[in-house]
């Protein structure tokens with residue numbers, strides 16, 4: 001689009017003189033001849049240093065959808081219709097405000113399921129012996145899982161159990177949980193890449209209308 005490079009430069013220069021955004025690092029890239037971009041490159045940049053992505057129209061739909069899907073658990077992707085540098089400036093400011101508010105927001109049960117799996121992996125709770133299990137009451141107590149999730153911990157742990165990702169045994173009339181060693185690859189996929197191979201489990205966790213910031217997952221790695 002004629003002039004867009006200058007518009008972006010002007011907008012970035014304005015933001016660098018804004019006290020609110022002066023400490024933000026703004027990275028720029030250009031589309032190819034087909035108005036597309038490398039999804040992998042953008043994902044790598046966001047994973048290296050988390051922040052929002054702003055795309056200027058017109059941009060290809062397919063890579064945009066893939067990018068949004070890949071970053072769903074990390075950051076937001078905004079699309080701006082620009083006619084001048086002011087439009088781009090407004091888009092960048094909007095992205096900052098939304099990002100700092102905690103966006104993207106994710107279903108609370110889905111976030112907790114990932115945190116539980118990560119906590120059990122970090123503690124080497126894979127069953128097989130008494131010390132290989134963790135009491136249900138201890139799941140929302142530190143080491144990556146806040147007590148703010150205590151009200152839904154039993155429900156989420158049971159969902160993971162019913163879908164074979166956790167195993168359980170009673171101890172002193174209290175349930176203890178561990179990761180299922182027979183599902184190790186699937187467990188690590190959830191912890192490392194937030195990918196659920198069991199679509200039914202994912203959909204049930206994602207039905208939760210209560211949401212929390214996705215940034216919790218970055219903080220508790």
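The values are calculated or read from the model by the stated rules, or taken from the named source; none is laboratory data. Nothing here was measured: the structure is a model prediction, and the numbers come from that model. Glycine gets a Cβ as well: all are built from the backbone with ideal geometry, and neighbour counts include every protein chain shown.
When you scan the stretch 89-99, do you find a residue that is loosely packed, with under 14 Cβ neighbours inside 10 Å and assigned to a loop (DSSP other than H, G, I, E, B), even just one?
Within the stretch 89-99 (the criterion being loosely packed, with under 14 Cβ neighbours inside 10 Å and assigned to a loop (DSSP other than H, G, I, E, B)), the answer is no, since none of the residues qualifies.
The set of residues from the stretch 39-52 being without any contact (Cβ under 8 Å) to a residue 40 or more places away in the chain and in contact with a helix residue (DSSP H, G or I) (Cβ under 7 Å, 6 or more places away or on another chain) comprises 39, 42, 43.
Each residue in the stretch 123-142 was checked for being in contact (Cβ under 8 Å) with a residue 40 or more places away in the chain and part of a strand (DSSP E or B), and 2 pass.
It is to be established whether one or more residues within the stretch 147-163 are in contact (Cβ under 8 Å) with a residue 24 or more places away in the chain and more than 18 Å from residue 191 (Cα to Cα). Yes: one or more hits.
If you go through the stretch 178-187 and keep only what is touching a residue at least 60 places away in the same chain (Cβ under 8 Å) and not in a helix (DSSP H, G or I), you end up with just 179.
Annotation note: of 59, 54, 8, 43, the sole residue that is in the same structural domain as residue 94 (by TED's automatic domain parsing), closer than 14 Å to residue 77 by Cα, assigned to a helix (DSSP H, G or I) and modelled with pLDDT of 80 or more is 43.
Among the residues of the stretch 48-68, is there at least one that is within 29 Å of residue 184 (Cβ to Cβ) and surrounded by 13 or more Cβ atoms within 10 Å (Cβ to Cβ)?
First, pick out the residues of the stretch 48-68 that are within 29 Å of residue 184 (Cβ to Cβ): 48, 50, 66.
Of the ones still in play, those that are also surrounded by 13 or more Cβ atoms within 10 Å (Cβ to Cβ) are 50, 66.
Among the residues of the stretch 48-68, at least one is within 29 Å of residue 184 (Cβ to Cβ) and surrounded by 13 or more Cβ atoms within 10 Å (Cβ to Cβ), which makes the answer yes.
Looking across the stretch 138-156, just one residue is crowded, with 18+ Cβ neighbours inside 10 Å and more than 20 Å from the chain's Cα centre (by Cα), and that is 139.
Which residue, of 167, 190, is touching a residue at least 60 places away in the same chain (Cβ under 8 Å) and either buried (at least 19 other Cβ atoms within 10 Å of the Cβ) or more than 28 Å from residue 50 (Cβ to Cβ) (or both)?
On the way: 167 fails: touching a residue at least 60 places away in the same chain (Cβ under 8 Å).
190 is the lone residue from the list that is touching a residue at least 60 places away in the same chain (Cβ under 8 Å) and either buried (at least 19 other Cβ atoms within 10 Å of the Cβ) or more than 28 Å from residue 50 (Cβ to Cβ) (or both).
Is it the case, given these coordinates, that residue 161 is assigned to a helix (DSSP H, G or I), closer than 30 Å to residue 98 by Cβ, at pLDDT 90 or above and touching a strand residue (DSSP E or B) at 6+ places or on another chain (Cβ under 7 Å)? Talk me through it step by step, then tell me what you get.
Values: assigned to a helix (DSSP H, G or I): yes; closer than 30 Å to residue 98 by Cβ: no; at pLDDT 90 or above: yes; touching a strand residue (DSSP E or B) at 6+ places or on another chain (Cβ under 7 Å): yes.
No.
Does residue 14 count as over 28 Å from the mean Cα position of the chain (by Cα), surrounded by 15 or more Cβ atoms within 10 Å (Cβ to Cβ) and in the same structural domain as residue 80 (by TED's automatic domain parsing)? Yes; evaluated as a whole, the condition is true for this residue.
How about the stretch 69-79: which of its residues are at pLDDT below 90 and not in a loop (DSSP other than H, G, I, E, B)? Selection gives 69, 70.
Of all residues in the stretch 199-218, those satisfying the criterion of being more than 14 Å from residue 148 (Cβ to Cβ), modelled with pLDDT of 90 or more and outside any loop (DSSP other than H, G, I, E, B) are 199, 200, 201, 202, 203, 204, 205, 206.
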